[in-house]
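What follows is one structure encoded as structure tokens, with my remarks underneath.
Laboratory data are not the source of any read-out in this text; all were calculated from the coordinates shown. Fair warning: this is a prediction, and the values are worked out from it, not measured in the lab. Because the Cβ atoms are built from the backbone with ideal geometry, glycine has one as well, and the counts that use them run over all protein chains shown.
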């Protein structure tokens, strides 16, 4: 066999059954944690009152951290810490704003802006990736938005990316990234 490991459906390397005793245990622990994470995320989406769901966000974070300690990821796509200026527009409205992307993946991004955004809002994001000539223009839906004083931290899921945009994001994310955090 070559030095590569097979990938599972979640994007991380699948444990090799012949690698070490307990490989099946690692796989079953991961599967159990992923199932709990999926149930918690479903429950979180079903609740409307933000005060009631804070404990569930903490539970999801704890499950994700448990997987990370084991060297596993619940995410389908790798995230990269960044600091990229972004322009935000709501299609069909005069609403415009700017912000800064702090995390980027091929599936979406996290950004901070002064623009008030609500869950499920649809927007168009426009930004330049370092080393990429063409601007990235992507439709996105708000997955989660938290407003504290004058700033909104928002997580977006990209929608209907063009092949060129998807390739540009994948190429950028595949490059070694300098540490964005001190």
If you rank 160, 121, 167 by fewest surrounding Cβ atoms within 10 Å, what's the result? 160, 167, 121
Please work out how much length the chain gains when fully extended from residue 134 to residue 80, using 0.36 nm per residue of separation minus the C-alpha to C-alpha distance, in nm with one decimal. 17.4 nm
Computed over the Cα atoms of the range 80-174, the Rg and Dmax in Å are 12.4, 38
With 10 angstrom as the radius, rank 156, 172, 127 by how many other C-beta atoms surround their C-beta, starting from the fewest. 172, 127, 156
Extended-chain gain in nm, criterion 0.36 nm per residue less alpha-carbon gap, residue 87 and residue 114: 8.6 nm
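Fewest to most neighbouring Cβ within 10 Å: what's the order for 125, 173, 104, 151?
Listed from fewest to most nearby Cβ atoms, that is 151, 173, 125, 104.
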